[in-house]
1. Just give me the residues in segment 211-239 being closer than 26 Å to VAL39 by Cα, at pLDDT below 80 and β-branched (Val, Ile, Thr), in sequence order.
2. For ALA432, all conditions in the list (1) modelled with pLDDT under 80; (2) of a type in the set (A, V, I, L, M); (3) within 14 Å of ASN313 (Cα to Cα) hold save one; what is the number of the exception?
3. I'd like the residue in segment 13-42 that is assigned to a helix (DSSP H, G or I) and at pLDDT below 80 and, out of all such residues, is surrounded by the most Cβ atoms within 10 Å (Cβ to Cβ).
4. Within segment 192-216, can you find the residues that are aliphatic (A, V, I, L, M) and either in a loop (DSSP other than H, G, I, E, B) or crowded, with 20+ Cβ neighbours inside 10 Å (or both)?
5. Test each condition in (1) at pLDDT 85 or above; (2) surrounded by fewer than 20 Cβ atoms within 10 Å (Cβ to Cβ) for MET173 and report the one that comes out false.
6. Given the criteria in contact with a strand residue (DSSP E or B) (Cβ under 9 Å, 6 or more places away or on another chain), at pLDDT below 80 and buried (at least 21 other Cβ atoms within 10 Å of the Cβ), does SER181 qualify?
7. Take the residues of segment 43-98 that are acidic (Asp, Glu) and under 23 Å from VAL114 (Cβ atoms): which is modelled with the lowest pLDDT?
8. Based on what the data block shows, is GLY449 in contact with a Phe, Trp or Tyr (Cβ under 7 Å, 6 or more places away or on another chain) and crowded, with 20+ Cβ neighbours inside 10 Å?
Amino acid sequence: MTATAAAPLESTLDAPPATTGVPAAPVAEEAVARGPLPVGRARTIALLSLFLASTMELLDTTIVNVALPTIESGLSASAAQLQWMVAAYPLAFAVGLITGSRLGDLWGRKRVFVAGLVGFTLMSAACGFAPNAEALVGFRALQGLTAAAMIPQVLSSLQVMYAPHERAKAMGMFTGLAGLSAVLGPVIGAVLTEADLGGLGWRSIFLVNVPFGVLAIVAALRWVPESVAAQRPRIDARGVTVLAVGLLAVLYPLTMGRELGWPAWVYAAMAVGVVVLALFARSQVRAERTGREPLVALSLYRGRGFGAGSAMNSLLFMAMSSYFLCQTIYLQAGLGWSVLHAGLAGVPFALTTTVFAGVGVAVLAPRIGRRVLQIGALTWAVGAVFIAAAVHGADASTSVWAFVPGFIVSGAGFGLMVSPIGVFTLAEVPVAKAGSASGLFSTTGQLSGAIGVAVLGSVFFSVVDAHASSVPVEMFRPAMEVALGALVVLMLVAAVVARQLPSHPVATGPALH
(Lines give C-alpha, C1' and ligand atoms only; values in the text may rest on other atoms or scores of the structure.)
Protein backbone atom coordinates (compact mmCIF):
# COMPACT_ATOMS: atom_id res chain seq x y z
CA MET A 1 0.00 0.00 0.00
CA THR A 2 1.54 3.29 -1.11
CA ALA A 3 1.44 6.47 0.93
CA THR A 4 -0.76 8.18 -1.64
CA ALA A 5 -3.29 5.38 -1.49
CA ALA A 6 -3.31 5.17 2.30
CA ALA A 7 -3.70 8.85 3.08
CA PRO A 8 -7.16 9.45 1.50
CA LEU A 9 -8.62 6.44 3.30
CA GLU A 10 -7.27 7.61 6.65
CA SER A 11 -8.52 11.15 6.13
CA THR A 12 -11.97 9.83 5.27
CA LEU A 13 -12.18 7.80 8.46
CA ASP A 14 -10.90 10.65 10.58
CA ALA A 15 -13.62 12.98 9.30
CA PRO A 16 -16.81 13.45 11.35
CA PRO A 17 -19.35 10.76 10.42
CA ALA A 18 -22.09 11.70 8.02
CA THR A 19 -25.69 11.43 9.11
CA THR A 20 -26.80 8.35 7.27
CA GLY A 21 -29.44 6.89 9.51
CA VAL A 22 -27.11 4.05 10.45
CA PRO A 23 -26.80 3.83 14.23
CA ALA A 24 -23.42 4.40 15.72
CA ALA A 25 -21.70 1.26 16.93
CA PRO A 26 -21.13 1.18 20.66
CA VAL A 27 -18.78 -1.42 22.06
CA ALA A 28 -20.98 -4.28 23.15
CA GLU A 29 -18.58 -5.37 25.82
CA GLU A 30 -15.80 -3.11 27.00
CA ALA A 31 -12.51 -4.11 25.38
CA VAL A 32 -9.09 -3.86 26.94
CA ALA A 33 -6.28 -3.00 24.53
CA ARG A 34 -2.90 -4.63 25.10
CA GLY A 35 -0.24 -2.19 24.02
CA PRO A 36 -0.46 1.08 22.08
CA LEU A 37 -3.11 1.54 19.41
CA PRO A 38 -2.00 2.30 15.83
CA VAL A 39 -2.52 5.84 14.54
CA GLY A 40 -2.27 7.57 11.19
CA ARG A 41 -0.97 5.47 8.31
CA ALA A 42 -0.30 2.47 10.59
CA ARG A 43 -3.98 2.36 11.49
CA THR A 44 -4.93 2.51 7.82
CA ILE A 45 -2.69 -0.45 7.02
CA ALA A 46 -4.22 -2.37 9.94
CA LEU A 47 -7.67 -1.53 8.56
CA LEU A 48 -6.70 -2.75 5.09
CA SER A 49 -5.44 -6.03 6.58
CA LEU A 50 -8.80 -6.56 8.30
CA PHE A 51 -10.72 -5.63 5.16
CA LEU A 52 -8.57 -7.89 2.98
CA ALA A 53 -9.34 -10.86 5.21
CA SER A 54 -13.05 -10.02 5.15
CA THR A 55 -13.05 -9.67 1.37
CA MET A 56 -11.45 -13.09 0.89
CA GLU A 57 -14.00 -14.69 3.20
CA LEU A 58 -16.97 -13.01 1.55
CA LEU A 59 -15.79 -13.81 -1.97
CA ASP A 60 -15.35 -17.46 -1.04
CA THR A 61 -18.99 -17.63 0.01
CA THR A 62 -20.13 -17.31 -3.62
CA ILE A 63 -17.02 -17.56 -5.82
CA VAL A 64 -17.32 -21.34 -6.13
CA ASN A 65 -20.79 -21.23 -7.69
CA VAL A 66 -19.83 -20.25 -11.21
CA ALA A 67 -17.07 -22.88 -11.37
CA LEU A 68 -19.33 -25.78 -10.31
CA PRO A 69 -19.85 -27.26 -13.81
CA THR A 70 -16.09 -27.12 -14.43
CA ILE A 71 -15.40 -28.73 -11.03
CA GLU A 72 -18.04 -31.37 -11.79
CA SER A 73 -16.24 -32.46 -14.94
CA GLY A 74 -12.76 -32.08 -13.48
CA LEU A 75 -13.41 -34.12 -10.33
CA SER A 76 -16.31 -36.29 -11.57
CA ALA A 77 -18.45 -34.83 -8.79
CA SER A 78 -22.07 -35.80 -8.20
CA ALA A 79 -24.91 -33.29 -7.85
CA ALA A 80 -24.99 -33.85 -4.08
CA GLN A 81 -21.24 -33.23 -3.84
CA LEU A 82 -21.67 -29.98 -5.77
CA GLN A 83 -24.30 -28.89 -3.25
CA TRP A 84 -21.95 -29.72 -0.39
CA MET A 85 -19.13 -27.75 -2.00
CA VAL A 86 -21.40 -24.72 -1.66
CA ALA A 87 -23.12 -25.59 1.64
CA ALA A 88 -20.18 -26.98 3.67
CA TYR A 89 -18.51 -23.58 3.93
CA PRO A 90 -21.40 -21.51 5.37
CA LEU A 91 -22.52 -24.41 7.56
CA ALA A 92 -19.10 -24.77 9.21
CA PHE A 93 -18.76 -20.99 9.37
CA ALA A 94 -22.10 -20.62 11.12
CA VAL A 95 -21.46 -23.41 13.63
CA GLY A 96 -18.08 -21.95 14.60
CA LEU A 97 -18.93 -18.24 14.50
CA ILE A 98 -20.07 -17.72 18.09
CA THR A 99 -17.22 -19.82 19.47
CA GLY A 100 -14.75 -17.90 17.29
CA SER A 101 -16.00 -14.63 18.73
CA ARG A 102 -15.59 -15.89 22.29
CA LEU A 103 -12.10 -17.22 21.62
CA GLY A 104 -11.09 -13.73 20.50
CA ASP A 105 -12.56 -12.19 23.64
CA LEU A 106 -10.73 -14.73 25.79
CA TRP A 107 -7.33 -15.21 24.12
CA GLY A 108 -6.95 -11.92 22.24
CA ARG A 109 -8.57 -10.67 19.04
CA LYS A 110 -5.30 -10.24 17.14
CA ARG A 111 -3.99 -13.66 18.12
CA VAL A 112 -7.17 -15.46 17.04
CA PHE A 113 -7.50 -13.29 13.91
CA VAL A 114 -3.98 -14.18 12.76
CA ALA A 115 -4.50 -17.87 13.61
CA GLY A 116 -7.75 -17.91 11.64
CA LEU A 117 -6.15 -16.04 8.74
CA VAL A 118 -3.26 -18.50 8.58
CA GLY A 119 -5.69 -21.41 8.66
CA PHE A 120 -7.91 -19.84 6.01
CA THR A 121 -4.93 -19.30 3.72
CA LEU A 122 -3.74 -22.90 4.19
CA MET A 123 -7.21 -24.32 3.60
CA SER A 124 -7.57 -22.17 0.47
CA ALA A 125 -4.39 -23.81 -0.83
CA ALA A 126 -5.73 -27.22 0.17
CA CYS A 127 -8.97 -26.56 -1.76
CA GLY A 128 -6.94 -25.49 -4.77
CA PHE A 129 -4.97 -28.75 -4.77
CA ALA A 130 -7.86 -31.05 -3.74
CA PRO A 131 -7.42 -34.42 -5.52
CA ASN A 132 -11.10 -35.38 -5.55
CA ALA A 133 -14.60 -34.13 -4.76
CA GLU A 134 -14.70 -35.60 -1.25
CA ALA A 135 -11.48 -33.84 -0.31
CA LEU A 136 -12.73 -30.52 -1.70
CA VAL A 137 -15.91 -30.74 0.40
CA GLY A 138 -13.85 -31.48 3.50
CA PHE A 139 -11.41 -28.64 2.86
CA ARG A 140 -14.32 -26.25 2.24
CA ALA A 141 -15.72 -27.16 5.67
CA LEU A 142 -12.33 -26.57 7.31
CA GLN A 143 -12.06 -23.29 5.41
CA GLY A 144 -15.39 -22.26 6.93
CA LEU A 145 -14.20 -23.10 10.44
CA THR A 146 -11.04 -21.02 10.05
CA ALA A 147 -13.14 -18.14 8.72
CA ALA A 148 -15.28 -18.43 11.85
CA ALA A 149 -12.17 -17.76 13.94
CA MET A 150 -11.03 -14.89 11.71
CA ILE A 151 -14.12 -12.82 10.91
CA PRO A 152 -15.54 -12.05 14.40
CA GLN A 153 -12.27 -10.34 15.27
CA VAL A 154 -12.58 -7.84 12.41
CA LEU A 155 -15.42 -5.73 13.80
CA SER A 156 -14.19 -6.20 17.37
CA SER A 157 -10.80 -4.81 16.32
CA LEU A 158 -12.45 -1.91 14.50
CA GLN A 159 -14.23 -0.98 17.71
CA VAL A 160 -10.89 -0.87 19.51
CA MET A 161 -9.04 1.01 16.76
CA TYR A 162 -11.61 3.78 16.22
CA ALA A 163 -13.20 6.18 18.66
CA PRO A 164 -17.01 6.12 18.92
CA HIS A 165 -17.47 9.13 16.62
CA GLU A 166 -15.30 7.44 13.94
CA ARG A 167 -16.82 3.97 13.99
CA ALA A 168 -19.85 4.74 11.85
CA LYS A 169 -17.59 5.45 8.87
CA ALA A 170 -15.53 2.29 9.37
CA MET A 171 -18.63 0.13 9.89
CA GLY A 172 -20.29 1.68 6.84
CA MET A 173 -17.28 0.82 4.70
CA PHE A 174 -17.34 -2.73 6.04
CA THR A 175 -21.05 -3.14 5.24
CA GLY A 176 -20.61 -1.83 1.71
CA LEU A 177 -17.62 -4.08 1.16
CA ALA A 178 -19.61 -7.09 2.38
CA GLY A 179 -22.46 -6.58 -0.08
CA LEU A 180 -20.16 -5.88 -3.01
CA SER A 181 -17.88 -8.85 -2.32
CA ALA A 182 -20.74 -11.32 -2.06
CA VAL A 183 -22.25 -10.42 -5.43
CA LEU A 184 -18.88 -10.05 -7.18
CA GLY A 185 -17.84 -13.58 -6.16
CA PRO A 186 -19.34 -15.32 -9.22
CA VAL A 187 -17.92 -12.68 -11.58
CA ILE A 188 -14.38 -12.98 -10.22
CA GLY A 189 -14.71 -16.76 -10.12
CA ALA A 190 -15.66 -16.80 -13.80
CA VAL A 191 -12.76 -14.60 -14.84
CA LEU A 192 -10.22 -16.69 -12.92
CA THR A 193 -11.61 -20.01 -14.16
CA GLU A 194 -11.76 -18.89 -17.79
CA ALA A 195 -8.30 -17.30 -17.68
CA ASP A 196 -6.89 -20.73 -16.77
CA LEU A 197 -3.77 -19.16 -15.27
CA GLY A 198 -0.91 -21.62 -15.39
CA GLY A 199 -3.34 -24.32 -16.49
CA LEU A 200 -4.99 -24.25 -13.06
CA GLY A 201 -8.56 -23.71 -14.29
CA TRP A 202 -11.07 -23.70 -11.42
CA ARG A 203 -8.31 -24.27 -8.85
CA SER A 204 -7.21 -20.65 -9.23
CA ILE A 205 -10.39 -19.41 -7.48
CA PHE A 206 -8.98 -20.86 -4.26
CA LEU A 207 -5.26 -20.43 -4.85
CA VAL A 208 -5.67 -16.69 -5.49
CA ASN A 209 -6.28 -16.33 -1.73
CA VAL A 210 -2.77 -17.49 -0.89
CA PRO A 211 -0.72 -14.39 -1.87
CA PHE A 212 -3.38 -12.03 -0.50
CA GLY A 213 -3.59 -14.09 2.69
CA VAL A 214 0.17 -13.88 3.19
CA LEU A 215 0.03 -10.11 2.64
CA ALA A 216 -2.79 -9.75 5.20
CA ILE A 217 -0.91 -11.91 7.72
CA VAL A 218 2.24 -9.80 7.47
CA ALA A 219 0.27 -6.56 7.89
CA ALA A 220 -1.77 -7.95 10.78
CA LEU A 221 1.29 -9.15 12.70
CA ARG A 222 2.82 -5.69 12.45
CA TRP A 223 -0.09 -3.28 12.76
CA VAL A 224 -3.35 -4.83 14.05
CA PRO A 225 -3.63 -4.10 17.81
CA GLU A 226 -4.20 -6.78 20.42
CA SER A 227 -7.25 -6.60 22.70
CA VAL A 228 -9.37 -8.81 24.93
CA ALA A 229 -12.81 -8.52 26.48
CA ALA A 230 -13.01 -6.94 29.93
CA GLN A 231 -15.18 -9.85 31.08
CA ARG A 232 -13.91 -13.25 29.96
CA PRO A 233 -16.62 -15.50 28.46
CA ARG A 234 -16.70 -19.27 28.88
CA ILE A 235 -16.33 -21.67 25.95
CA ASP A 236 -19.27 -24.08 25.70
CA ALA A 237 -17.62 -26.93 23.79
CA ARG A 238 -20.48 -29.29 24.62
CA GLY A 239 -23.08 -26.88 23.29
CA VAL A 240 -21.14 -26.36 20.06
CA THR A 241 -20.85 -30.12 19.57
CA VAL A 242 -24.56 -30.73 20.15
CA LEU A 243 -25.49 -27.91 17.77
CA ALA A 244 -23.16 -29.24 15.06
CA VAL A 245 -24.48 -32.80 15.41
CA GLY A 246 -28.09 -31.63 15.19
CA LEU A 247 -27.50 -29.50 12.12
CA LEU A 248 -25.52 -32.20 10.29
CA ALA A 249 -28.16 -34.80 11.14
CA VAL A 250 -30.72 -32.64 9.35
CA LEU A 251 -28.69 -31.21 6.45
CA TYR A 252 -26.63 -34.25 5.42
CA PRO A 253 -29.60 -36.56 4.66
CA LEU A 254 -31.53 -33.65 3.18
CA THR A 255 -28.73 -33.06 0.69
CA MET A 256 -27.95 -36.72 -0.06
CA GLY A 257 -31.52 -38.04 0.01
CA ARG A 258 -32.38 -37.37 -3.64
CA GLU A 259 -29.24 -39.07 -4.94
CA LEU A 260 -29.76 -42.11 -2.67
CA GLY A 261 -33.44 -42.51 -3.53
CA TRP A 262 -34.75 -41.27 -0.17
CA PRO A 263 -34.23 -44.43 1.92
CA ALA A 264 -35.84 -44.77 5.34
CA TRP A 265 -32.65 -43.87 7.25
CA VAL A 266 -32.70 -40.39 5.67
CA TYR A 267 -36.00 -39.54 7.36
CA ALA A 268 -34.90 -41.17 10.61
CA ALA A 269 -31.68 -39.14 10.67
CA MET A 270 -33.55 -35.89 10.06
CA ALA A 271 -36.00 -36.73 12.86
CA VAL A 272 -33.08 -37.39 15.22
CA GLY A 273 -31.53 -34.08 14.16
CA VAL A 274 -34.73 -32.19 14.96
CA VAL A 275 -34.86 -33.82 18.42
CA VAL A 276 -31.19 -32.94 19.08
CA LEU A 277 -31.79 -29.32 18.07
CA ALA A 278 -34.85 -29.17 20.33
CA LEU A 279 -32.79 -30.49 23.24
CA PHE A 280 -30.11 -27.92 22.45
CA ALA A 281 -32.68 -25.10 22.50
CA ARG A 282 -34.01 -26.38 25.83
CA SER A 283 -30.51 -26.38 27.32
CA GLN A 284 -29.95 -22.79 26.20
CA VAL A 285 -33.20 -21.64 27.79
CA ARG A 286 -32.27 -23.44 31.01
CA ALA A 287 -28.84 -21.80 31.03
CA GLU A 288 -30.36 -18.33 30.79
CA ARG A 289 -32.87 -19.06 33.55
CA THR A 290 -30.12 -20.17 35.93
CA GLY A 291 -27.99 -17.10 35.23
CA ARG A 292 -25.35 -18.87 33.11
CA GLU A 293 -24.22 -17.45 29.77
CA PRO A 294 -25.82 -19.48 26.95
CA LEU A 295 -24.17 -20.24 23.64
CA VAL A 296 -27.31 -18.96 21.91
CA ALA A 297 -29.37 -16.36 23.78
CA LEU A 298 -32.84 -17.46 22.67
CA SER A 299 -34.46 -14.82 24.87
CA LEU A 300 -33.47 -12.27 22.22
CA TYR A 301 -36.19 -13.64 19.97
CA ARG A 302 -38.80 -12.40 22.41
CA GLY A 303 -38.10 -8.93 21.07
CA ARG A 304 -40.38 -8.42 18.10
CA GLY A 305 -37.79 -6.54 16.08
CA PHE A 306 -34.98 -9.04 16.55
CA GLY A 307 -37.21 -12.04 15.91
CA ALA A 308 -38.75 -10.58 12.76
CA GLY A 309 -35.43 -9.23 11.50
CA SER A 310 -33.68 -12.57 12.01
CA ALA A 311 -36.49 -14.32 10.16
CA MET A 312 -36.25 -11.86 7.30
CA ASN A 313 -32.46 -12.18 7.20
CA SER A 314 -32.85 -15.97 7.04
CA LEU A 315 -35.24 -15.66 4.10
CA LEU A 316 -32.80 -13.32 2.37
CA PHE A 317 -29.79 -15.65 2.75
CA MET A 318 -31.83 -18.70 1.81
CA ALA A 319 -32.96 -16.97 -1.37
CA MET A 320 -29.51 -15.60 -2.21
CA SER A 321 -27.57 -18.85 -1.79
CA SER A 322 -30.02 -21.00 -3.71
CA TYR A 323 -30.49 -18.37 -6.44
CA PHE A 324 -26.77 -18.11 -7.24
CA LEU A 325 -26.39 -21.91 -7.26
CA CYS A 326 -29.36 -22.57 -9.56
CA GLN A 327 -28.67 -19.67 -11.90
CA THR A 328 -25.05 -20.69 -12.44
CA ILE A 329 -25.94 -24.28 -13.29
CA TYR A 330 -28.83 -23.22 -15.53
CA LEU A 331 -26.79 -20.76 -17.59
CA GLN A 332 -23.91 -23.19 -18.12
CA ALA A 333 -25.50 -26.63 -18.21
CA GLY A 334 -28.87 -25.51 -19.59
CA LEU A 335 -27.96 -22.80 -22.10
CA GLY A 336 -24.41 -23.99 -22.75
CA TRP A 337 -22.79 -20.68 -21.82
CA SER A 338 -19.10 -20.62 -20.99
CA VAL A 339 -17.92 -19.98 -17.46
CA LEU A 340 -16.91 -16.42 -18.36
CA HIS A 341 -20.18 -15.73 -20.18
CA ALA A 342 -22.22 -16.93 -17.20
CA GLY A 343 -20.05 -15.03 -14.73
CA LEU A 344 -20.16 -11.72 -16.57
CA ALA A 345 -23.94 -12.03 -16.82
CA GLY A 346 -23.96 -11.29 -13.10
CA VAL A 347 -22.35 -7.86 -13.51
CA PRO A 348 -25.71 -5.98 -13.80
CA PHE A 349 -26.89 -7.64 -10.60
CA ALA A 350 -23.65 -6.72 -8.81
CA LEU A 351 -23.66 -3.10 -9.96
CA THR A 352 -27.27 -2.40 -9.05
CA THR A 353 -26.83 -4.17 -5.72
CA THR A 354 -23.91 -1.87 -4.89
CA VAL A 355 -25.80 1.29 -5.83
CA PHE A 356 -29.08 0.43 -4.13
CA ALA A 357 -27.39 -0.92 -1.00
CA GLY A 358 -25.98 2.56 -0.41
CA VAL A 359 -29.22 4.30 -1.32
CA GLY A 360 -31.22 1.94 0.88
CA VAL A 361 -29.27 2.39 4.09
CA ALA A 362 -28.19 6.03 3.70
CA VAL A 363 -31.20 7.66 2.02
CA LEU A 364 -34.36 5.55 2.14
CA ALA A 365 -34.11 3.87 5.56
CA PRO A 366 -34.01 7.20 7.49
CA ARG A 367 -36.89 8.58 5.42
CA ILE A 368 -39.34 5.72 4.91
CA GLY A 369 -38.21 3.30 7.61
CA ARG A 370 -38.95 -0.40 7.30
CA ARG A 371 -40.79 0.13 4.02
CA VAL A 372 -37.40 0.13 2.31
CA LEU A 373 -37.14 -3.58 3.18
CA GLN A 374 -40.64 -4.28 1.92
CA ILE A 375 -39.91 -2.42 -1.31
CA GLY A 376 -36.67 -4.37 -1.66
CA ALA A 377 -38.37 -7.74 -1.19
CA LEU A 378 -41.14 -6.92 -3.66
CA THR A 379 -38.65 -5.52 -6.16
CA TRP A 380 -36.57 -8.70 -6.06
CA ALA A 381 -39.76 -10.73 -6.52
CA VAL A 382 -40.62 -8.66 -9.62
CA GLY A 383 -37.08 -9.15 -10.91
CA ALA A 384 -37.44 -12.92 -10.46
CA VAL A 385 -40.63 -12.81 -12.53
CA PHE A 386 -38.76 -10.94 -15.29
CA ILE A 387 -36.00 -13.56 -15.23
CA ALA A 388 -38.59 -16.38 -15.30
CA ALA A 389 -40.16 -14.84 -18.41
CA ALA A 390 -36.75 -14.79 -20.07
CA VAL A 391 -36.06 -18.38 -18.99
CA HIS A 392 -39.39 -19.56 -20.38
CA GLY A 393 -38.51 -18.45 -23.90
CA ALA A 394 -34.76 -19.03 -23.81
CA ASP A 395 -32.74 -21.53 -25.80
CA ALA A 396 -29.07 -22.05 -26.58
CA SER A 397 -29.05 -19.06 -28.95
CA THR A 398 -30.58 -16.58 -26.48
CA SER A 399 -28.51 -13.46 -25.80
CA VAL A 400 -27.60 -12.29 -22.31
CA TRP A 401 -29.56 -9.12 -23.01
CA ALA A 402 -32.80 -11.07 -22.60
CA PHE A 403 -31.92 -11.53 -18.93
CA VAL A 404 -30.42 -8.10 -18.18
CA PRO A 405 -33.71 -6.35 -17.19
CA GLY A 406 -34.43 -9.10 -14.67
CA PHE A 407 -30.88 -9.03 -13.32
CA ILE A 408 -31.00 -5.25 -12.87
CA VAL A 409 -34.34 -5.26 -11.05
CA SER A 410 -33.31 -8.23 -8.90
CA GLY A 411 -30.03 -6.57 -7.94
CA ALA A 412 -31.87 -3.40 -6.95
CA GLY A 413 -34.23 -5.37 -4.70
CA PHE A 414 -31.41 -7.34 -3.10
CA GLY A 415 -29.43 -4.15 -2.48
CA LEU A 416 -32.36 -2.42 -0.79
CA MET A 417 -32.56 -5.32 1.66
CA VAL A 418 -29.00 -6.43 2.35
CA SER A 419 -27.63 -3.22 3.89
CA PRO A 420 -30.55 -1.89 6.00
CA ILE A 421 -31.76 -5.21 7.44
CA GLY A 422 -29.18 -5.40 10.24
CA VAL A 423 -29.90 -1.83 11.31
CA PHE A 424 -33.59 -2.57 11.86
CA THR A 425 -33.07 -6.01 13.39
CA LEU A 426 -30.63 -4.81 16.05
CA ALA A 427 -32.16 -1.38 16.64
CA GLU A 428 -34.00 -2.28 19.87
CA VAL A 429 -31.48 -4.76 21.30
CA PRO A 430 -29.98 -3.56 24.62
CA VAL A 431 -26.31 -2.64 24.36
CA ALA A 432 -25.47 -5.24 27.01
CA LYS A 433 -26.66 -7.97 24.64
CA ALA A 434 -25.25 -6.46 21.47
CA GLY A 435 -22.49 -9.04 21.06
CA SER A 436 -24.84 -12.01 21.47
CA ALA A 437 -27.45 -10.45 19.21
CA SER A 438 -25.13 -9.58 16.36
CA GLY A 439 -23.38 -12.96 16.54
CA LEU A 440 -26.70 -14.82 16.53
CA PHE A 441 -27.96 -12.64 13.68
CA SER A 442 -24.94 -13.50 11.52
CA THR A 443 -25.05 -17.18 12.47
CA THR A 444 -28.70 -17.65 11.52
CA GLY A 445 -28.05 -15.97 8.18
CA GLN A 446 -25.19 -18.33 7.37
CA LEU A 447 -27.16 -21.38 8.48
CA SER A 448 -30.09 -20.30 6.35
CA GLY A 449 -27.77 -20.05 3.35
CA ALA A 450 -26.68 -23.65 3.88
CA ILE A 451 -30.30 -24.76 4.32
CA GLY A 452 -31.29 -22.92 1.14
CA VAL A 453 -28.63 -24.75 -0.86
CA ALA A 454 -29.63 -28.12 0.65
CA VAL A 455 -33.40 -27.76 0.23
CA LEU A 456 -33.82 -25.75 -2.96
CA GLY A 457 -30.74 -27.34 -4.52
CA SER A 458 -32.31 -30.77 -4.01
CA VAL A 459 -35.59 -29.56 -5.50
CA PHE A 460 -33.74 -28.06 -8.48
CA PHE A 461 -31.86 -31.28 -9.29
CA SER A 462 -34.99 -33.37 -8.71
CA VAL A 463 -36.86 -31.35 -11.34
CA VAL A 464 -33.91 -31.74 -13.72
CA ASP A 465 -34.02 -35.53 -13.23
CA ALA A 466 -37.77 -35.57 -13.82
CA HIS A 467 -37.38 -33.83 -17.21
CA ALA A 468 -34.71 -36.03 -18.76
CA SER A 469 -34.10 -34.93 -22.34
CA SER A 470 -31.39 -34.94 -24.99
CA VAL A 471 -31.82 -31.15 -25.18
CA PRO A 472 -30.22 -29.58 -22.07
CA VAL A 473 -32.35 -26.47 -22.03
CA GLU A 474 -35.52 -28.59 -21.83
CA MET A 475 -34.13 -30.30 -18.71
CA PHE A 476 -33.00 -27.19 -16.89
CA ARG A 477 -35.74 -24.72 -17.88
CA PRO A 478 -38.44 -26.23 -15.61
CA ALA A 479 -35.95 -26.50 -12.73
CA MET A 480 -34.96 -22.85 -13.04
CA GLU A 481 -38.60 -21.78 -13.21
CA VAL A 482 -39.33 -23.70 -10.01
CA ALA A 483 -36.30 -22.10 -8.31
CA LEU A 484 -37.45 -18.62 -9.33
CA GLY A 485 -40.98 -19.41 -8.16
CA ALA A 486 -39.57 -20.37 -4.76
CA LEU A 487 -37.61 -17.10 -4.68
CA VAL A 488 -40.79 -15.11 -5.34
CA VAL A 489 -42.56 -16.91 -2.47
CA LEU A 490 -39.65 -16.26 -0.11
CA MET A 491 -39.65 -12.56 -0.97
CA LEU A 492 -43.41 -12.21 -0.54
CA VAL A 493 -43.11 -13.80 2.90
CA ALA A 494 -40.20 -11.46 3.68
CA ALA A 495 -42.31 -8.43 2.74
CA VAL A 496 -44.97 -9.54 5.22
CA VAL A 497 -42.42 -10.29 7.98
CA ALA A 498 -40.89 -6.82 7.54
CA ARG A 499 -44.09 -5.29 8.93
CA GLN A 500 -43.09 -6.61 12.36
CA LEU A 501 -39.85 -4.61 12.45
CA PRO A 502 -39.48 -1.22 14.18
CA SER A 503 -40.88 1.50 11.94
CA HIS A 504 -37.54 3.32 12.07
CA PRO A 505 -34.12 2.36 13.48
CA VAL A 506 -33.12 4.12 16.68
CA ALA A 507 -29.74 5.60 17.41
CA THR A 508 -28.79 3.13 20.13
CA GLY A 509 -28.64 -0.11 18.17
CA PRO A 510 -25.49 -2.21 18.22
CA ALA A 511 -23.19 -2.95 15.36
CA LEU A 512 -23.11 -6.20 13.48
CA HIS A 513 -20.58 -8.80 14.55
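The values are calculated or read from the model by the stated rules, or taken from the named source; none is laboratory data. Note that this is a predicted model, so its numbers are computed, not measured. So basically every Cβ, Gly included, is an ideal-geometry build from the backbone, and we count neighbours across all protein chains shown.
1. Residue satisfying the conditions is VAL228 alone.
2. (3)
3. Of all residues in segment 13-42, those assigned to a helix (DSSP H, G or I) come to 13-14, 40-42.
Those left that are additionally at pLDDT below 80: 13-14, 40.
Working: LEU13: 21, ASP14: 15, GLY40: 11.
My answer is LEU13.
4. Pass one, segment 192-216, residues aliphatic (A, V, I, L, M): 192, 195, 197, 200, 205, 207-208, 210, 214-216.
Answer for segment 192-216, where residues must be aliphatic (A, V, I, L, M) and either in a loop (DSSP other than H, G, I, E, B) or crowded, with 20+ Cβ neighbours inside 10 Å (or both): LEU192, LEU200, ILE205, VAL208, ALA216.
5. (1)
6. Working: in contact with a strand residue (DSSP E or B) (Cβ under 9 Å, 6 or more places away or on another chain): no; at pLDDT below 80: yes; buried (at least 21 other Cβ atoms within 10 Å of the Cβ): yes.
Answer is no for this residue.
7. First, pick out the residues of segment 43-98 that are acidic (Asp, Glu): 57, 60, 72.
Checking which are under 23 Å from VAL114 (Cβ atoms) leaves us with 57, 60.
Working: GLU57: 85, ASP60: 81.
Taking the candidates together, the pick is ASP60.
8. Working: in contact with a Phe, Trp or Tyr (Cβ under 7 Å, 6 or more places away or on another chain): yes; crowded, with 20+ Cβ neighbours inside 10 Å: yes.
Here the answer is yes, as GLY449 does meet what is asked.
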